[in-house]
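All remarks here apply to the structure that follows.
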Amino acid sequence: MMQQQRSFVSPLLSGVFCQCTPEDISSGSDPGGGVDSASVTPPKFWDCPTGARTCELSRPCGSAHCSEADQEHRLKVLFQILDVNKDGGICVNDLTIGLKKLGVHRTENELMKVVKAGDKDLDGQLDFEEFVHYLRDHEKKLRLVFKSLDRKNDGCIDSQEIMQSLRDLGVSISEQQAQKILNSMDKNGTMTIDWTEWRDYHLMHPADNIPEIILYWKHSTIFDVGESMLVPDEFTAEERKTGVWWRHLVAGGGAGAVSRTCTAPLDRLKVLMQVHASRSNSMSMAGGFANMIKEGGMRSLWRGNGMNVIKIAPESAIKFMAYEQIKWLIGSDQEALGILERLVAGSLAGAIAQSSIYPMEVLKTRLALRRTGQYGGIVDCARHILRKEGMAAFYKGYVPNMLGIIPYAGIDLAVYETLKNAWLQRYATDSADPGVFVLLACGTTSSTCGQLASYPLALVRTRMQAQATQEGGPQMTMSGLFRHIVQTEGPTGLYRGLAPNFMKVIPAVSISYVVYEHLKTSLGVQSR
């Protein structure tokens, strides 16, 4: 069983600060004669017979108080050691020099992320309060991940537990590879990793450099809800090398096709309400469904869905490839990007994918709005648009569509990270894995907030795509449409069709998840 450590700071640094308070030492509990606290100005070093260069206050005293060391005092001493220029703050340069003295080596990029993660007042350095807060928060995350990996609950992680945990994340490694991972952290030769060794190894690493935390908490946007502005999913180098990534994409594409087909009637109703509903032509959901069935029968509820399904494959493939290239271009050397990097890379990848398949978006809208017998199919619709309106018609609404990606992706990611961290702080006690329900709840809520923010732009895009279908209607620009809608229908006019749009989110996510899991199993991919 793992030996419980009272000390907060890693034992890797236990030699550089006192194992008991000056009061304990001066009280006579040190059989070696003690050290007068008044004469000590930490950090002052002495040479231990073992060869360790140790703080004077940490001479072995044998005191019973050593295991009850004053956490605040020891952190202050550690802070003094790392505050190389003695200005009351720890910057990247201080960390580089101070950690090297302690035998801990981190890259400049890693240390910059440490400072950035803990720097609450944005002054470029960590004061003592920020330093303590960062370390405590960091250890909590480390402990959660350790407990998640410790499947036998025996206080140690062995190679089999490492293999199983990574397998659950869709990454297959050999026992030799697992042993290599384990050996990098195993300091006592037991061929297992206890909590102390785990904490030692990850000391002063930024939290987002720990692959396990990223993989447990990754915002998987593979669950398709019929929107095209999602930030792509991320895959590890091992997943890309072994081909697991394409199985995930195939499973996600299949899940998207099924979920979109199941919720297509709501999607078509949303398009009709966006284009035709107004103050003078109030269209309720029940009335909209009744009109669709009356005009074209039950099959008319799925008009436009064929194109909606066809565009999933090219859009997903282009978005994924663009995302990987953008990650490489921005110079990320980590498996997973930070929030801001994901926002930039995801938004650009979405813009590239949307630009490539945007004519399909226009076709989907026109097919959803068509009357019975108006077009003979997708090809006939495309030919009709090209002949009557020219190539430019296939990019109507392009600008508001591109603008909508930014608020959607930004708010989606921000809300997801906020909800995730709130859950972690309040409820995570035994595991860093939040479970399916929490992940789906966070993802559904964040996606809904993103759609709410970008919905006016989506409505204007749809109306611009549909302009030629309205006989004698004016051909307005984006800004002109915004003004016209607000003047004639009020601000609420920008949210026509919002009800069916939101009604489809929960069933779409649920159906997508169930189908996704079944397809992954069929394709031989382990659940994350």
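The values are calculated or read from the model by the stated rules, or taken from the named source; none is laboratory data. It should be emphasised that the depicted structure is a prediction, and the values quoted were computed from it without experimental measurement. Neighbour counts are summed over all protein chains in view; Cβ atoms, including those assigned to glycine, are modelled from backbone coordinates with ideal geometry. In case anyone asks, the SASA skips ligands and DNA or RNA and just uses the protein heavy atoms, side chains included. Shrake-Rupley method; radii C 1.70, N 1.55, O 1.52, S 1.80 Å.
Structure values in brief
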read-out: Residue ID - farthest from the chain's Cα centre (by Cα), chosen from residues in segment 378-413 that are surrounded by 14 or more Cβ atoms within 10 Å (Cβ to Cβ) and small (Gly, Ala, Ser); value: Ala382
read-out: Selection count, segment 365-377, where residues are open to solvent by less than 60 Å² (accessible area, probe 1.4 Å) and β-branched (Val, Ile, Thr); value: 1
read-out: Output for segment 142-157, where each listed residue is open to solvent by less than 20 Å² (accessible area, probe 1.4 Å), in a loop (DSSP other than H, G, I, E, B) and at pLDDT 85 or above; value: Gly155
read-out: Qualifying positions in segment 246-264 - without any contact (Cβ under 8 Å) to a residue 60 or more places away in the chain and either open to solvent by 20 Å² or more (accessible area, probe 1.4 Å) or within 24 Å of the chain's Cα centre (by Cα) (or both); value: Trp246, Ala257, Thr261
read-out: Residues that are open to solvent by 60 Å² or more (accessible area, probe 1.4 Å) and among the β-branched types (Val, Ile, Thr), drawn from segment 350-364; value: Ile352
read-out: Segment 274-323, residues that are surrounded by fewer than 13 Cβ atoms within 10 Å (Cβ to Cβ) and closer than 14 Å to Leu367 by Cα; value: Arg299
read-out: Unique residue being modelled with pLDDT under 85 and over 25 Å from Tyr201 (Cβ atoms) when the list is Ala52, Ala69, Ala38, Ala117; value: Ala38
read-out: Members of segment 172-196 that are modelled with pLDDT under 80, open to solvent by 30 Å² or more (accessible area, probe 1.4 Å), over 25 Å from Gly243 (Cα atoms) and within 29 Å of the chain's Cα centre (by Cα); value: Ser184
read-out: Residues located in segment 107-141, provided they are surrounded by fewer than 19 Cβ atoms within 10 Å (Cβ to Cβ), among the basic types (Lys, Arg) and part of a helix (DSSP H, G or I); value: Lys116, Arg136, Lys140
read-out: Only one of Leu111, Leu102, Leu57 that is touching a Leu at 6+ places or on another chain (Cβ under 9 Å) and at pLDDT below 85; value: Leu102
read-out: Test: residue in segment 355-374 that is part of a helix (DSSP H, G or I) and of a type in the set (Phe, Trp, Tyr); value: yes
read-out: Odd one out for Gln160 among (1) open to solvent by 60 Å² or more (accessible area, probe 1.4 Å); (2) within 21 Å of the chain's Cα centre (by Cα); value: (2)
read-out: Scope segment 456-472; condition modelled with pLDDT under 90 and out of contact with any helix residue (DSSP H, G or I) (no Cβ under 6 Å at 6 or more places or on another chain); matching residues; value: Gln467, Gln470, Glu471, Gly472
read-out: Hey, Asp200 modelled with pLDDT of 75 or more and acidic (Asp, Glu) or not; value: no
read-out: Those residues of segment 324-349 which are open to solvent by 30 Å² or more (accessible area, probe 1.4 Å) and either under 20 Å from Tyr408 (Cβ atoms) or at pLDDT 75 or above (or both), in sequence order; value: Glu324, Gln325, Trp328, Leu329, Ile330, Ile339, Leu340, Glu341, Leu343, Val344, Leu348
read-out: Any chance Lys270 is open to solvent by 70 Å² or more (accessible area, probe 1.4 Å), in a helix (DSSP H, G or I) and basic (Lys, Arg); value: no
